[in-house]
Each structure stands twice: as structure tokens, then as C-alpha cells.
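The values are calculated or read from the model by the stated rules, or taken from the named source; none is laboratory data. Quick caveat, the model's predicted, so the values are computed rather than measured. Cβ placement follows ideal geometry from the backbone for every residue including glycine, while neighbour counts extend to all protein chains displayed.
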Amino acid sequence: MGIFGRISDIFKANINDALDKAEDPAKMIKLMVVEMQESISKATSGLATAMAQEKKLERDYKKHAQSAQQWEQKAMQALSAGNEDLARKALAKKADADGQANQYKVMYEQAATTTGKLKSQVDMLKSKLNEAKMKESTLLARQESAKAQKQIAKQVGSLDFSSSFAKFDKFEEKILKQEAEAQAFTELSEGDTSLNDDFKMLEQNSAVDDDLARLRAKMNQGG
């Protein structure tokens, strides 16, 4: 199992353990982001090691390839000097260097392929981390909104509207009774005033009649 496989298993184990504990969602989300950051840190460290190994294999491959070229040139130099035996020895060294160079070339190419895959995986993890961070802010905002809605729902649910409206009805009945009593007193007051006016008018008419009778009597005496 590669380094990314181990990191993935550790990451999943930690997250599943936290989920089993049914902790606060906000803490859970933050924990997941932290876990992803730690995974990326470990993966990046592994990538750095792989890249260093790739570079070393590349240097070794080039060193042996260059050595093979140098022994070939020496063989040519020996032949030019008429020393075939020395040329043979140089070519034998060249063959050894070619063999080493070919081995390191294969290892270098394999390392380069592995490093390329690791780099792609690290880039993918970083992209996932950025996505997780964006979702973190969104989910935390949604959680706060849900808490607020829940609190409002609790407050509204605690109100006894039936009892409140029953009190309103009771108060309305009292007010209607007071209005009826005020109207009744007003009508009674208006009735008394009218009756008094009638009596005053009657008294006034009686006084006029008395004055009229006296005036007639006085006129009759004068006649």
C-alpha cells in the first residue's frame, strides 16, 4: 500500500470515529478540514521524498551514460594510437557503464512516473481542500441559520395563542359592557333633561295664563 493509501485509511478512520461520537456539526466540519490539511502535509512530504529520489536516479543515470561516452572516446583514442588491447579494455569499461546507465535509466523513468502520479494526487487533494473550505463556510452559515430558526420556532411554540385570544375576548366583553352602560346613562340623562323642560314650559304657560286672567279682570273693572 502506498503513502496515499495509508493517509486515506487514517483520514477515514479519524472521520468515522468522530462521526460515531455524534459531535457538534460545526466542530465536525472543522475537524474534517484539519484532517485534510494534515493529509496534504503528509502527502506533500512524501512527494518531496519521491522527487528527491527521482533526481538522484536521474543524476546516477546521466553519470553512467556520460562515463560510457568517455570510455568510448578513450577506446577511439587507443585505436588511433594503434593500441588495440587498450581499446578493448576501454570498450569493456564502456559496456559496464552502459549496463549501469540502462539500469538507472529504467529506475529513473519508473520514479518519474510515480512522482507524476503523486503530484497529481497532491494537486487533487489541494483542490478538494479548497472545495471543503468553501463548503465549510457555507455549511457553518447554514447551521447558524438553522439554530436561529429553531430558537424562533421554540419561542413561537411556547406562546399560548388560544389563551391570549381568550383574554382578548374577555377584555372585549368588558369594553362592550362599559360602552353599553355609558350609552344607557347618556339616554337616561337626556330623558331627565327633556322632562324638566316640559315642566318648565308647563309652569311658564301657567304663569302666562294667570297674567292673562288678571289683565282681563282689570279691564272688566275699568269698564
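Data overview
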{"item": "Near pairs, Cβ below 7 angstrom, 6+ apart or cross-chain, from region 132-157 (in the same structural domain as Ala26 (by TED's automatic domain parsing)) to any residue that is modelled with pLDDT under 75 and surrounded by 11 or more Cβ atoms within 10 Å (Cβ to Cβ)", "result": "Leu140/Ala26; Gln143/Pro25; Gln143/Ala26"}
{"item": "Pairs where the first residue, in region 37-58, is at negative phi and the second is outside any helix (DSSP H, G or I) and not basic (Lys, Arg), C-beta under 9 Å, 6+ apart", "result": "Gly46/Gly2"}
